[in-house]
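Below is one structure; the comments refer to it alone.
The values are calculated or read from the model by the stated rules, or taken from the named source; none is laboratory data. Predicted, not measured: the structure shown is a model, and the values here were computed from it. Here the Cβ positions follow ideal geometry from the backbone for every residue, glycine too, while neighbour counts run over all protein chains shown.
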Amino acid sequence: MSARRTALLWVLVTLIAGLAAYRMQPLLADSRDAPATGIGTDYRATVYGPNILVSEHSNPWDPDASVPRFGSFPAPPIWPVSYIAYPLLDRVDYTTGLTLFMCCSILLVAIGCARIARSLGLSRQRALLVASLIALSPTHLYDLALGQTGAGLVAAVAFFAIRARQQPSWWHHVEKWTYGATILFLFAKPTFALTFLAANLAYERSARIFVRFLAAAVAVGLANFIAIVVRSGAGLGTILRSMRETSTILSEVPVNRMDGDRLDLLSLIHPSALLDLIALVAVAGGLVLLHRMWQTSRSDLRERLVMGIGLVTIGTYHHTYDSLPLLALLCITVLVWPMRRAIPLTIGLVVPGWLYGFNAVRTAITDVVAIDFFALSARIIFHVVVAVLVVTYLDTRRQNADSITVT
């Protein structure tokens with residue numbers, strides 16, 4: 001990349017950063033004035049609230065304890081490995097905790113995406129460009145606005161990217177431990193665990209690290225679960241009933257497939273807990289089949305990552321804010337592919353997100369297609385991902401055929 005092109009790209013990144021900061025300012029003001037309804041509502045309900053209840057020796061799954069104190073809905077009944085941050089969160093107020101959460105998210109996404117890009121052979125300049133574009137993208141801003149944990153998915157991939165580095169320095173060890181702690185904290189979410197498995201298979205063609213993390217998550221979560229039962233004094237039966245009640249409340253939330261930002265295949269069919277479970281098992285099986293194919297193929301690391309992460313993203317419960325590692329991989333693909341492929345991919349990824357920032361354009365498009373713009377942009381991303389997966393798979397098959405012919 002020439003110095004002139006690099007300079008122009010960084011000017012563009014700077015302009016995007018300024019626009020992004022300008023558009024985030026009203027959301028930050030809303031958070032100060034009304035913490036329950038402003039920026040970070042998901043962080044308040046699913047991270048801050050349960051950890052504070054654990055620190056108070058309360059049942060974190062009790063809907064009466066969490067609603068409306070920490071939001072309109074209770075925290076999901078997940079394995080409590082994610083409820084071990086209370087020693088830190090108990091020492092800061094909500095605003096300070098949210099600020100730390102957002103800063104850590106920005107750093108994880110920016111540094112993690114740069115590390116992934118470097119592991120795939122991009123130069124330092126291009127890696128920084130990818131990191132900036134993803135960190136300043138509408139998807140990440142949306143992730144921050146909700147207080148969601150999309151950065152954890154980036155950490156799941158970056159963990160293996162840093163492990164693949166030869167002769168790591170002390171800073172690389174710090175990065176690796178940071179990524180590892182982040183994904184362990186979020187390992188209770190099945191989609192995060194599957195992303196970690198996909199990255200493990202792509203980088204190391206093995207699942208040994210995934211199994212170790214799974215064992216650690218089970219052990220830490222079990223110890224914390226026992227502590228919650230003992231310290232809350234509610235009893236095991238009461239805790240389990242609360243978890244069932246919370247699950248029932250969340251399952252009864254009305255779902256309209258014509259709005260929202262779901263971008264997985266399940267959202268195009270009919271959302272249900274049973275279907276989500278079947279999809280998790282099916283995608284895990286698909287990753288195993290891909291792993292067997294990779295054992296005998298000439299596919300490169302980028303292809304394995306795109307296919308693995310893409311399969312997890314479109315095959316299991318995912319929102320737009322959960323697509324950060326996939327968007328990073330697609331952005332890297334734009335830089336690697338020939339221009340005839342890169343241009344339509346760029347248009348499909350960039351245009352829908354930034355059009356959302358212009359109310360008049362968004363309203364006009366919604367009126368024409370009769371679909372909420374969030375749903376429309378999510379489906380556009382979905383079809384972009386499917387197209388890239390198909391092309392990547394065909395490239396892999398072509399490489400295999402060429403290798404057989406040469407042999």
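What do you reckon, is ARG118 of a type in the set (Lys, Arg) and surrounded by fewer than 18 Cβ atoms within 10 Å (Cβ to Cβ)?
Numbers: of a type in the set (Lys, Arg): yes; surrounded by fewer than 18 Cβ atoms within 10 Å (Cβ to Cβ): no.
Criteria not met by ARG118.
Counting only residues that are loosely packed, with under 13 Cβ neighbours inside 10 Å and either at pLDDT 85 or above or within 26 Å of ALA131 (Cβ to Cβ) (or both), how many does segment 67-92 have? Full working, then the answer.
Taking segment 67-92 first, the residues loosely packed, with under 13 Cβ neighbours inside 10 Å are 68, 72, 87-88, 91.
Filter again for either at pLDDT 85 or above or within 26 Å of ALA131 (Cβ to Cβ) (or both), leaving 87-88, 91.
Here the count works out to 3.
Residues that are at pLDDT 90 or above and outside any helix (DSSP H, G or I) are absent from segment 104-117 altogether.
Residue-level check: of (1) within 30 Å of ARG205 (Cβ to Cβ); (2) modelled with pLDDT under 70; (3) β-branched (Val, Ile, Thr), ILE371 misses just (1).
Given the criterion part of a helix (DSSP H, G or I), surrounded by 20 or more Cβ atoms within 10 Å (Cβ to Cβ), in contact with a His (Cβ under 8 Å, 6 or more places away or on another chain) and polar (S, T, N, Q), identify the matching residue among THR182, THR246, THR191.
On the way: THR182 fails: in contact with a His (Cβ under 8 Å, 6 or more places away or on another chain); THR246 fails: in contact with a His (Cβ under 8 Å, 6 or more places away or on another chain).
After ruling out the rest, the residue left standing is THR191.
Under the condition of being within 24 Å of ALA198 (Cα to Cα) and not charged (D, E, K, R), which residue from segment 138-151 is surrounded by the most Cβ atoms within 10 Å (Cβ to Cβ)?
To start, the set of residues in segment 138-151 that are within 24 Å of ALA198 (Cα to Cα) comprises 139-140, 143, 148-151.
Still in the running and not charged (D, E, K, R): 139-140, 148-151.
Numbers: THR139: 24, HIS140: 25, GLN148: 23, THR149: 24, GLY150: 26, ALA151: 29.
Top of the filtered list is ALA151.
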